[in-house]
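Have a look at this one.
Taken together, the values in this text are just the output of simple stated rules run on the coordinates, not laboratory data. None of the values given here were measured: they were computed from a predicted structure. Neighbour counts run over all protein chains shown; Cβ positions are idealised from the backbone, glycine included.
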Amino acid sequence: MTKSTHQEQVVKCSPLRYMFGGLIKHPLSITFATILTVVSTLLLTIPTLIIGWAIDELKDAGLSEQFVFYVWTIIALALIYMALYFLVGYVWAVVTLQWERDARQDFFEALQEFSMSFHDEVDSKRLLSVAMQDINWVRLSLNPALRNIIGALASIVITIVFLGAIDQSPGLVTFFVIPFFNVKVGMFTVIMLTGIPLYLWFAYRYANAVEPVRRKRSEDIETLTSMSQGVFRGIEVVRAFGKEDEEKRKFKDASKQYERIVAKEGKLAAFYIPALVLIAMTTIAFLYGGFATWSLQITQGTMIQILGLLVALEAMNFFLPRMLLVLRGGFVNAARIVDILSWKDPLIEPEQEAGSVEWLGDITFENVSFTYNNPNGSTDHYALKELSITIPGGSRVALIGGPGGGKSTLLKLLLRLYDPTMGTIRIGGTDLRDITTKTVRDNVGLVEQDIFLFRMSVHDNIAFGRTDATREEVEEAAKRAQAHEFIIEMEDGYDTIIGERGMTLSGGQRQRLAIARALVQDPKILLLDDSVSAVDAQTEFLMRKALDEVMVGRTSITVTQRLRTLIESDLVIILDKGRLIAAGCHEDLLRESDHYRRIFERLPGAQALLASTSGGVR
């Protein structure tokens, strides 16, 4: 399924369809589970009828064979019900856990498909809360909530039908074949037909009240998750500034807010008006049943049947209010999930990918502008503004400029993490928008400035861009990136598990692993975002030697503040506040661009280099 097709399906998906769509993926299982639920409810109700018949039989004929038959039938039905009860629970658990598994997988895959614009806009802590909390709440709204609601509604229908035919001749066949309305017990049916719709109406109306409460509850738990994750990830900063007590206080305040909203939801479940309707209906039925028995309109056995049915009905529906609240709350959680999944991505994959792409061809920026905060370009705050330049294929390019100049943005556009807000980028004459993101990233490699390493082995981190890489290829890349020596000194060498985000390694070690990761990928276009900023002079020299080798035969673009890189580059591009200031080789820019000369003169060692090249000594 392509990215656009997946997104179109999600956009058309309502919260209700999202909740039940996953169940429909397993039609046989959910149908079987529903039938079992209804059958188990029926088996729970039938013994009440048989007990009434048995009482009348005992009164009229004593311990007759018919009475013994009734007793054994009740025992058999009880055993069958017990087995069926566990089977129903198992089948529902399997179906809903399959739903949860699929929902979480689909959610994760959708997040992988979204461009970086999505992750700039949506906080990762919110995504974590939705992926874990909201999906789990929706699953709970399906099981046990939906399961119990189906059982409760089935008990209502079964009870009404049984009351309408309760005084027929004893025997299950007669009961189901001739369910005529019996005048003697008709009042019970009238009570049921009047009270049940009223009960359901109040229940539905009252369930609506939980929606804003459940939404606020989800937001509060999201706040707690966000706060916790932020503190855990920044624990060093918190301790360095002595902010432990303040963070404790903030978390305590957020916890109290969550406690208040949970208490409010508890009050909704406790003071539930429909429960009063159910109790009143049962009380009226009991009073009428007592009068009907006293006046000999019905037998004692029939009275036991009626009261047993009503008691069973009330027991089955005792948790219905809470289940309706959970189901309604699940709808709210589903709406939060759908809201994220239906996010409209400005980066659109091509319906048909371009044919052969000349990756070593010229890279052309045609009037390219880009803004992070508004894909539609209705803001004046641009990271790149009207950039037009051609980078010859196979050349070594250096990007230089002050903070916020747009250097890293240019690299991200070449990786197609974003598409330009305006303008076009072409590689070998092919519009980058006509190439799928997967193909782009298979051929364009990045060594980022803020190195991210995963909690996995050193080998797997280096081979992350090419999972089929052999151990020999990984070790060769590590050697060329000057990382092999410190790797083999680790406890398990290349099998050593790196800590979260590589925090157990130095900055230089992380950067050398990142360079090795890019070398294994063997990209046609190599992007380096200030990749040697955290290494000493000796290591930089060795890394530069390795990079000189791998830059041969490919286009390389380096964000740098290093003299040697600028001098050895075929093309130096100067960016300032997103605009192109100048471009050319080092010597030409030094002569022709005052802006470049001012930047260059501030770099360490520049004055000495200028003095030596001019032949003058002050």
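Within 10 Å, count the other beta carbons around each residue, average over each peptide in 363-372, 421-430, 405-414, and list them highest first.
The packing order, highest mean first, is 405-414, 363-372, 421-430.
Let me ask something else about it. Could you list the trypsin sites (Lys or Arg not before Pro) in region 266-349 that lie in coil according to DSSP, counting only those with at most 14 other Cβ atoms within 10 Å of their Cβ? Mind dumping the intermediate values first?
Numbers: sites: K267, R322, R328, R336, K344; in loops: K344.
Passing both the DSSP loop test and the Cβ count: K344.
Of all beta bridges DSSP finds with both residues in the chain, what is the antiparallel percent, to the nearest 5?
Values: 18 of 35 bridges.
So the antiparallel bridges amount to about 50 percent of the total.
Still on this model: So what's the gap between the Cα centers of region 502-523 and region 201-253, to the nearest angstrom?
36 Å
Now for a different question. Need the C-alpha centroid separation for region 440-477 versus region 28-61, integer Å.
Using only Cα atoms, the two centres lie 64 Å from each other.
Follow-up. Using r as the Cβ-Cβ distance of T390 and D123, and R0 as 25 Å, what FRET efficiency do you calculate, to the nearest 0.05? Could the numbers behind the result be given before it?
Numbers: r = 39 Å, r/R0 = 1.54.
My answer for the efficiency is 0.05.
At what distance in nm do the modelled label points of D492 and V262 sit from each other, each positioned 7 Å from its Cα along Cα→Cβ?
The answer from the label model is 3.7 nm.
What distance in nm separates the two pseudo spin-label positions at R602 and E219, each 7 Å out from Cα along the beta-carbon direction?
Placing both labels 7 Å beyond Cα along the Cβ direction yields 4.4 nm.
While we're looking at this one, here's another question. Can you list the equivalent-ellipsoid semi-axes of the chain, largest first and in whole Å, using the square root of 5 times each Cα gyration tensor eigenvalue? Write out the running numbers ahead of the final one.
Values: eigenvalues 1089, 112, 104 Å².
For the chain, the ellipsoid semi-axes come out as 74, 24, 23 Å.
In region 270-344, if every C-alpha pair distance is counted and binned at 10 Å from zero, what percent goes to each bin?
In order of increasing distance, the bins hold 17, 30, 20, 15, 10, 6, 2, 0 percent.
Still on this model: What's the long-distance tail for region 63-166, i.e. % of Cα pairs beyond 16 Å?
Values: 3945 of 5356 pairs.
For region 63-166, the share of Cα pairs beyond 16 Å comes to 74 percent.
Determine, for T496, T558, T194, the number of other Cβ atoms within 10 Å of each Cβ, and report the residues in order from fewest to most. All intermediate terms of the calculation are to be shown ahead of the outcome.
Working: T496 17, T558 25, T194 12.
In increasing order of surrounding Cβ atoms, one gets T194, T496, T558.
Any chance you could get the radius of gyration and Dmax over the Cα atoms of region 3-341, in Å?
Every Cα atom of region 3-341 included, Rg and Dmax give 25.9, 88 Å.
So for region 1-138, what percent of the C-alpha to C-alpha distances run longer than 17 Å? Walk me through the numbers before you get to the answer.
On the way: 6780 of 9453 pairs.
Percentage above 17 Å: 72.
Here's something else I'd like to know. Before rounding to the nearest 500, sum -39500 (n - 2.57) across all DSSP H runs of length at least 4 in the chain and divide by the residue total; then give [θ] at 222 nm in deg cm²/dmol.
Numbers: 27 runs with 381 residues, N = 618.
It lands at -20000 deg cm²/dmol.
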